[in-house]
Amino acid sequence: PGRKGRGGGEGRSGPVRLAIIGGTGVYDPEILDDVREETVVTPYGRATVRIGKFRGLEVVFLARHGAGHTVPPHKINYRANIYALAALGVRRVIATAAVGSLRQAFGPGHFVLVDQFLDFTKNRVSTFFEGGEAGVVHIDVTEPYCPEIRSHLEAAGKALGLPVTNGGVYVCTEGPRFETPAEIRMFERLGGDLVGMTSVPEVVLAREAGLCYATIAMVTNYAAGISGQPLTHEEVLEIMAANGTNLRRLILEALPR
Ligand code: HPA
């Protein structure tokens, strides 16, 4: 999408659409009015979204792991999801992501507006361009995460007095297991700040589709070996739930008025 006439968005009339991709702990488009569900059929499979209104703005909500968190990170149909958003006319995306922290300064509840990634995924198709008709395309990822949306979110964080840092390196692992402490030490030496399982290939596909895409990473735990205790998915869900209101406030404050 976005290149060579694939996907949608261009030339579509009406309000510029924004999408929110809800990660772990963010499953409901609670903030939206007049919500309707839509299933988009894409060349990669179906993607179900909910579309509603916020301050007159049409917003598309997509639960990355499915409405009941049934899809693990390595099984997410990233291509169908991003293709569907582009086909719906979405131009801007705010994604949320629960992450482990490699930095003492980023404790649980801290929001990081990711600006770079390190890709440690193993078995994911991370392009729309597989040769043939689609062509051979090497997308530029000098600035993978939209600086414009990030600066809106940064300003929103300041206005609300929330702990927000603009800039951080997201290490994406294959999962679904958490990391070993040795892996975390390695990631730390390589320049990683946060660890999660979903930003790649989501951000890459969004770039290929020509979308302006940003990720709000919310720290749910210190990474393995730093925390000193075994990690659990329940702990991640608990911290997400405890800070869900702040996450929602941050997004709402950043949206156009
Ligand atoms: N590792 C990987 N993914 C995560 C973590 C973590 O520690 N916390 C939340 N998502």
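From largest to smallest, what semi-axes in whole angstrom does the chain give when each is the square root of 5 times an eigenvalue of its alpha carbon gyration tensor? Let's see the in-between values first.
On the way: eigenvalues 149, 96, 56 Å².
In descending order, the three semi-axes are 27, 22, 17 Å.
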Practice task
Kindly point out, ordered by number, any Cys in the chain whose beta-carbon has no other cysteine beta-carbon under 4.7 Å away.
Solution key: Cys172
Handout entry: Euclidean distance of C-alpha centroids, region 183-208 and region 96-112, integer Å
Key = 13
Problem - Value of [θ]222 nm, deg cm²/dmol, for the chain, DSSP H segments ≥ 4, -39500 (n - 2.57) each, nearest 500 - result: -8000 deg cm²/dmol
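Could you sort the peptides 229-236, 18-25 by per-residue average Cβ neighbour count (10 Å cutoff), highest mean leading?
Working: 229-236: 12.8, 18-25: 24.1.
So the peptides 229-236, 18-25, ranked by packing, come out 18-25, 229-236.
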Handout entry: Three-way shape label, region 120-211, alpha-carbon gyration tensor, a/c 1.5
Key = oblate
Practice task
With the Cα gyration tensor of region 161-257 in hand, give its eigenvalues times 5 under a square root as the equivalent ellipsoid semi-axes, listed largest first in whole angstrom.
Solution key: 24, 19, 12
Practice task
Straight distance only, please: which aspartates and glutamates reach the Cα of Lys53 with their own Cα at less than 18 Å, same-chain residues fewer than 8 apart left out?
Solution key: Asp28, Glu30, Asp33, Asp34, Glu37, Glu38, Glu253
Problem - Under 18 Å from the Cα of Lys122 - aspartates and glutamates, other chains or at least 8 residues apart - result: Glu130, Glu174, Glu179, Glu183, Glu202
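Determine the equivalent ellipsoid of region 24-99 by diagonalising the alpha-carbon gyration tensor, then write out the semi-axes as square roots of 5 times the eigenvalues, largest first, rounded to whole Å.
Values: eigenvalues 73, 49, 24 Å².
Computed over region 24-99, the values are 19, 16, 11 Å.
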Completion exercise
At the level of C-alpha centres, the distance separating region 41-94 and region 132-167, in angstrom, is 18
Problem - Assigned charges on the beta-carbon of Lys, Arg, Asp, Glu; the chain dipole about Cα centre (debye) - result: 440
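A short reminder: the numbers here are calculations on the coordinates, not readings from a lab. What you are looking at is a predicted structure, and each value in this text was computed from that prediction instead of being measured. Cβ: placed from backbone, ideal geometry, glycine included. Neighbour counts: every protein chain shown.
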